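Below you'll find the structure, written out as structure tokens, and then a few comments.
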Amino acid sequence: MSRRPNTDPGISSLLVGVCPGLPNCSIVHTYLFVDGLDVITRSNAYAVGAPPGLLLRPGGPLYPLEQARVVELAAGVEVRIRLRGRAVVWGDLMYPGEEAGVVEEVRFDLAQYLTEIERGYHRWGRGAE
């Protein structure tokens, strides 16, 4: 997966993907790429993302609120999501980044983030609740 360019330093980009299930995998599940890196696999190599109809639905767990909340992306992979002005912040992360360091927090532009979640839901999540 190629890295999507960021025009603003410190702002990450989100890309949603889905494994369609058989014959590739046993179940339909969501991939979440942050700056081109698969957050779920990098957090836990054995974890499988939650179904897209669950994660991506309108008003669902990935939609940010001013009040921070913990969202389970996959079994054993959680993230704290909150809205900060025009940014969506994912905190309490612990996955290896492209460099030698560990990624603990990422920030997304609100418009790009919501557009990508909505794109993913309309492509893969409808009817998959």
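The values are calculated or read from the model by the stated rules, or taken from the named source; none is laboratory data. This structure is a prediction, so every number in the text was calculated from the model and none was measured. Cβ: placed from backbone, ideal geometry, glycine included. Neighbour counts: every protein chain shown.
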(message) I'd like the full set of residues that are of a type outside the set (A, V, I, L, M), over 20 Å from GLU118 (Cα atoms), at pLDDT 90 or above and out of contact with any strand residue (DSSP E or B) (no Cβ under 7 Å at 6 or more places or on another chain), limited to the range 1-50.
(response) THR41, TYR46
(request) Could you run through the range 27-40 and say how many residues are of a type in the set (Val, Ile, Thr) and either more than 22 Å from SER12 (Cβ to Cβ) or part of a loop (DSSP other than H, G, I, E, B) (or both)? (result) 2
(request) Select from the range 66-92 the residues that are buried (at least 16 other Cβ atoms within 10 Å of the Cβ) and within 18 Å of CYS19 (Cα to Cα) and write down the one among them that is nearest to the chain's Cα centre (by Cα). (result) LEU73
(request) Working only within the range 72-111, note down all residues that are in contact with a Phe, Trp or Tyr (Cβ under 9 Å, 6 or more places away or on another chain), closer than 22 Å to PRO52 by Cα and outside any strand (DSSP E or B). (result) ALA75, GLY76
(message) Checking the structure you have, find out if any residue of the range 54-67 is closer than 17 Å to LEU114 by Cα and among the basic types (Lys, Arg).
(response) yes
(message) So GLY36 passes all but one of these: (1) crowded, with 16+ Cβ neighbours inside 10 Å; (2) among the small types (Gly, Ala, Ser); (3) in contact with a Ser or Thr (Cβ under 8 Å, 6 or more places away or on another chain). Which condition number does it fail?
(response) (1)
(message) Could you list, ordered by first residue, the pairs with Cβ atoms under 6 Å in which the first is in the range 100-120 and among the β-branched types (Val, Ile, Thr) and the second is surrounded by 16 or more Cβ atoms within 10 Å (Cβ to Cβ) and assigned to a strand (DSSP E or B), at least 6 apart or interchain?
(response) VAL103/TYR95; VAL106/SER12; VAL106/VAL34; VAL106/TRP90
(request) Say whether the condition of being at pLDDT below 95, among the acidic types (Asp, Glu) and out of contact with any Cys (no Cβ under 9 Å at 6 or more places or on another chain) is met by at least one residue in the range 108-129. (result) yes
(request) For the range 41-59, state whether one or more residues are in a loop (DSSP other than H, G, I, E, B), within 11 Å of the chain's Cα centre (by Cα) and at negative phi. (result) yes
(request) Being exposed (fewer than 12 other Cβ atoms within 10 Å of the Cβ) and not small (Gly, Ala, Ser) narrows it down to one of TYR113, TYR63, TYR95, TYR46, so name that one. (result) TYR46
(request) From VAL102, VAL16, VAL48, grab the single residue that is over 20 Å from GLY125 (Cβ atoms) and aliphatic (A, V, I, L, M). (result) VAL102
